[in-house]
Amino acid sequence: MAISNRVISQALSNGGSITSAEIQALGGSREWLSRREREGWLERCGPSTYRLPGATSEWHSTLAAACHRLGGVVSHESAAQLHGMPRLRRGLLIVTVPVRRSNRYPGVDVRQKTDLSPGQVTERAGLPVTTPARTILDLAAQLGVNRLARLVDWTVSHDLTSHETLLALFTDLGRRGKPGTKTMRKVMEDRGGAPDRDPSELEARLLDLIERASLPPPIREFRAPWLAPANGRVDLAYGEQLLVIEADSRRWHTQADAFLTDRERDNLAQLAGWRVLRFTWWDVEQRPEYVVLTIRKALAR
């Protein structure tokens with residue numbers, strides 16, 4: 001296959017953009033690239049990044065190039081536009097970078113979210129984009145209650161997400177002091193949903209159960225070195241035994257996003273050499289003996 005065809009194929013698979021490094025890997029020299037740029041066959045759209053003229057709109061191709069260059073995801077108003085959500089500013093160029101590589105791209109608002117997981121990313125128009133539920137949570141930080149409520153109602157009525165999925169994701173990511181948490185909580189409460197009983201209450205009951213069983217006291221809010229600093233704590237831990245205990249207070253525990261996030265955190269702990277135990281409200285209230293016996297066996301090992 002000729003170099004030109006290989007470059008076109010790769011650019012189209014990237015959403016219309018391609019980096020100079022990719023071009024060189026496909027066999028295109030710097031002279032070849034300069035000549036194609038002078039001929040208008042390729043257009044520079046960012047640092048060491050090019051696009052095929054006319055392949056997509058400038059808005060789409062710029063987002064594609066930024067995502068491709070930074071390893072980012074289309075988010076916020078840009079994601080809302082791709083999902084077709086109404087009454088939001090259009091034409092904005094916003095990309096979120098899950099892990100900081102670079103925070104600069106010409107003309108693009110690049111943001112960082114350390115709590116963005118693969119389960120909160122989908123694809124629209126060939127671009128990686130935050131899911132409708134994650135997009136709503138991101139926008140909650142900048143919308144008032146009424147506007148956010150209308151956005152939630154429209155998104156649910158058009159089957160882009162559900163109240164259960166929103167609640168599961170909000171329960172997992174919402175926390176005191178995080179922008180948008182208070183507004184989102186109000187909207188969900190008005191629609192008959194709110195995070196389940198206070199997670200700190202479940203943790204307190206679990207600690208009380210451990211104390212009454214004469215088990216060693218664990219470390220609370222342990223800062224796990226394998227997690228990102230912004231979301232890097234686990235509920236309880238025994239450092240010497242490399243044991244993590246999580247109090248799972250979510251009502252909709254099996255929702256896809258929440259389930260995936262839990263599994264990712266557990267996998268990271270396992271890779272770091274730690275074991276993870278999870279207990280729910282039902283465990284603590286209905287079968288406390290099981291909780292105590294499980295912890296005791298884990299500590300003995």
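We did not get these values from a lab; they are worked out from the coordinates using the rules stated. Predicted model, so just to flag it, every value in this text is computed and none were measured. Note: ideal-geometry Cβ built from the backbone for every residue, glycine included; neighbour counts use all protein chains shown.
If the chain linking residue 92 and residue 141 were pulled fully straight, counting 0.36 nm for each residue of separation and taking away their Cα-Cα distance, it would gain 16.0 nm.
Along the chain, the exposed loop sites are GluC sites (Glu not before Pro) outside DSSP states H, G, I, E and B with at most 12 other Cβ atoms within 10 Å, and the longest stretch free of them is 40-239.
Rounded to the nearest 20, the size of the Cβ-charge dipole of the chain about its Cα centre is 780 debye, with Lys and Arg at +1 and Asp and Glu at -1. Between residue 129 and 74, 122, 123, 124, the built amide H atoms are under 5 Å apart, and every one of these is 5 or more places off in sequence or on another chain.
The slack between residue 200 and residue 2, meaning 0.36 nm per residue of separation minus the straight C-alpha distance, is 65.1 nm. Rounded to the nearest 0.05, the FRET efficiency derived from the C-beta distance between residue 21 and residue 111 at R0 = 22 Å is 0.35.
Take every Cα pair under 8 Å whose residues are at least 6 apart in sequence, average their separation, divide by the length of the chain, and the relative contact order is 11 percent.
The 3J(HN,Hα) values that the Karplus relation (6.51, -1.76, 1.60; θ = phi - 60°) gives for region 155-160 are, in residue order, 5, 5, 5, 9, 6, 7 Hz. Gly and Pro appear as x.
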